[in-house]
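For reference, the structure is listed below as structure tokens.
The values are calculated or read from the model by the stated rules, or taken from the named source; none is laboratory data. It should be emphasised that the depicted structure is a prediction, and the values quoted were computed from it without experimental measurement. Please note: Cβ atoms are built from the backbone with ideal geometry, for glycine as well, and neighbour counts cover all protein chains shown. What goes into the accessible areas is simple: the full protein's heavy atoms, side chains included, and nothing from ligands, DNA or RNA. Shrake-Rupley method; radii C 1.70, N 1.55, O 1.52, S 1.80 Å.
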Amino acid sequence: MLNIFRMDLHRFITNKIMYILLLVFCAFQIFGIFMFKQYAQPIQAGGIDISKMNESEFIQHLFSQPPSWILIYIFVFCVYFYFSEYNSGFYKNYITMKKARVYSVVSKILVQAIFTVFMMVAMVVSDLIGRGIFFDNTSIGDLGYFAKLLIGLFLLLWAFSILILCTSIFTRSMLVSFGIALVLVLNVVGMIFAVLESLLDNVYLSQYLLVSTIYSTFDYNHGRDLIHIASVATVTLLLFAFIAIRLKIKEDLR
């Protein structure tokens, strides 16, 4: 397990695509704030002018407008990182062992957690830079609320990355995985469920879907909202991690 994780961590650290993704993401995030300054003011979002929002409110405002750039960058990295392993000679040596396959999936999950942290740090830093330059506002807001927001988003985004990993293992095709991931990011499944729910009474399944939850706005000081976020993230994370491991164990060698 440790050797496989070291290999994946080395590939992660030396992966030029990862750094390019982070830099491009920061650039687009700052450019997006510039566009808000140029064309979206004054905009009232929930009764609050965007230029007056603190970081917690600004992040939630961005995530309430699908598709999310951070989800797109996460799925691009996850798919690319998974399939790039097939070119590794070390992969061919260990993949014939059942336990090694399990460890390989667990290792990818841990690396994706690290990348998710990197993406969130890049998001916050670029937000503060952009808001500081164009809005002259770098307010974070209540630190306790901000911390809970970041933890909740991390769990949801990490669970999303595991869903993409499971999709990649199942399809065994980079192009197909990109296509399915894009459909997920656009929340097509959530919209279909919402339409079906409109035809039925007292059915609210769409709000428990992962991507729908990511795009929803919650009060992180409200216990019920915290339970909802934690439940959706935990169930999705454990379920698709288990499925990914089972698929990898049964995968035919190429």
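Side notes on the structure shown:
- What a 1.4 Å probe finds exposed on the chain is 69% carbon and sulfur by accessible area, rounded to a whole percent.
- Exceedance of the 23 Å cut-off in Cα-Cα distance is limited, within the set LYS52/LYS148; LYS16/LYS248; LYS108/LYS248; LYS108/LYS148, to LYS16/LYS248; LYS108/LYS148.
- Top positive-direction residue, dipole computed over the chain with Cβ charges, set PHE34, LEU153, LEU200: LEU153
- Sorted peptide list for 244-252, 71-79, criterion being average Cβ within 10 angstrom, highest first: 71-79, 244-252
- Helix-only arithmetic for the chain: the sum of -39500 (n - 2.57) across DSSP H runs with n ≥ 4, divided by the residue total, places the mean residue ellipticity at 222 nm at -25000 deg cm²/dmol.
- For peptides 140-151, 114-125, sequence by mean Cβ density within 10 Å, most packed first: 114-125, 140-151
- Hydrodynamic radius (Kirkwood) for the chain, which is based on Cα pairs only, to one decimal in Å: 19.5
- Positive-pole candidate from LEU182, ILE245, THR213, dipole of segment 166-254, charges at beta carbon: ILE245
- Counted by Cβ distance under 12 Å from ALA241, the other residues give a net charge of +3, where Lys and Arg count +1 and Asp and Glu count -1.
- Per residue accessible area in Å² of segment 168-214, where ligands, DNA and RNA are left out and the probe is 1.4 Å: 61
- Debye log10 I(q)/I(0) at q = 0.21, 0.24 Å⁻¹ for segment 154-254, Cα point scatterers: -1.13, -1.28
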